[in-house]
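Novice: I am attaching a structure below and will ask some questions about it afterwards.
The values are calculated or read from the model by the stated rules, or taken from the named source; none is laboratory data. All values derive from a computational prediction rather than experimental measurement. Using ideal geometry, Cβ is built from the backbone for each residue, glycine included, and neighbour counts are taken over all protein chains shown.
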Amino acid sequence: MGATVKGFRDFILRGNVIDLAVAVVIGAAFTAIVNQIVNAVINPAIGALFRADSLDKALPVTIPTTEGGEATMYFGAVIGAVINFLIIAAVVYFVLVLPVNKLRERQAAKKGIAEEEAGPTETQLLAEIRDLLAEQKRV
């Protein structure tokens, strides 16, 4: 039983799990802020361009139903969701991912971990193979 608890504790205390937990909490909190900005500021502003109260009601397309009625699709709502996603993705990248990557690079540099040199490119390898084959033909 003791080994199981120790294994679980080690799993939880690993950096990746803690990073993920922090990211989920911050992401959830940040999503609420971005949703409010998009719904209160961006959607009405863009909706005004399309003569609608908000982006959710912009770009309506009415199609007939099989019952003889009509159904309305609001493509503005899709555009709003895309805008919302792009804002959240950009802020998470610039506020969380980029600084964490810079911090990890600094820590690796302090420890003396040098980046591995890139190996030869595919073109260079093919040129070497060509040269070796040409040499074998001459012999």
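Novice: Quick check on my filter: what residues within the range 15-39 are closer than 16 Å to Ala81 by Cβ and exposed (fewer than 12 other Cβ atoms within 10 Å of the Cβ)?
Specialist: Selection gives Ala32, Gln36.
Novice: Of the residues Ile129, Ile88, which is among the hydrophobic types (A, V, I, L, M, F, W, C) and surrounded by 12 or more Cβ atoms within 10 Å (Cβ to Cβ)?
Specialist: Going through Ile129, Ile88 in turn, the sole match is Ile88.
Novice: Same structure, new question: When only residues in the range 1-14 that are exposed (fewer than 10 other Cβ atoms within 10 Å of the Cβ) and modelled with pLDDT under 70 count, which is farthest from Val100 (Cα to Cα)?
Specialist: Result: Met1.
Residues are listed down the side, and each one gets a yes or a no for (1) under 28 Å from Ala23 (Cβ atoms); (2) surrounded by 12 or more Cβ atoms within 10 Å (Cβ to Cβ); (3) modelled with pLDDT of 85 or more:
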{"residue": "Leu49", "(1), (2), (3)": "no, no, no"}
{"residue": "Thr62", "(1), (2), (3)": "no, no, yes"}
{"residue": "Leu103", "(1), (2), (3)": "yes, no, yes"}
{"residue": "Gly119", "(1), (2), (3)": "no, no, no"}
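Residues checked against (1) out of contact with any Gly (no Cβ under 8 Å at 6 or more places or on another chain); (2) part of a helix (DSSP H, G or I); (3) in contact (Cβ under 8 Å) with a residue 60 or more places away in the chain:
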site: Ile63; (1), (2), (3): yes, no, no
site: Ala81; (1), (2), (3): yes, yes, no
site: Ile87; (1), (2), (3): yes, yes, no
site: Val91; (1), (2), (3): yes, yes, yes
site: Val100; (1), (2), (3): yes, yes, yes
site: Arg104; (1), (2), (3): yes, yes, no
site: Gln107; (1), (2), (3): yes, yes, no
site: Gly119; (1), (2), (3): yes, no, no
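Novice: Continuing with this model, one more query. Of the conditions (1) under 30 Å from Ile18 (Cβ atoms); (2) not in a helix (DSSP H, G or I); (3) not small (Gly, Ala, Ser), Met73 clears all except one; give me its number.
Specialist: For Met73, the failing item is (1).
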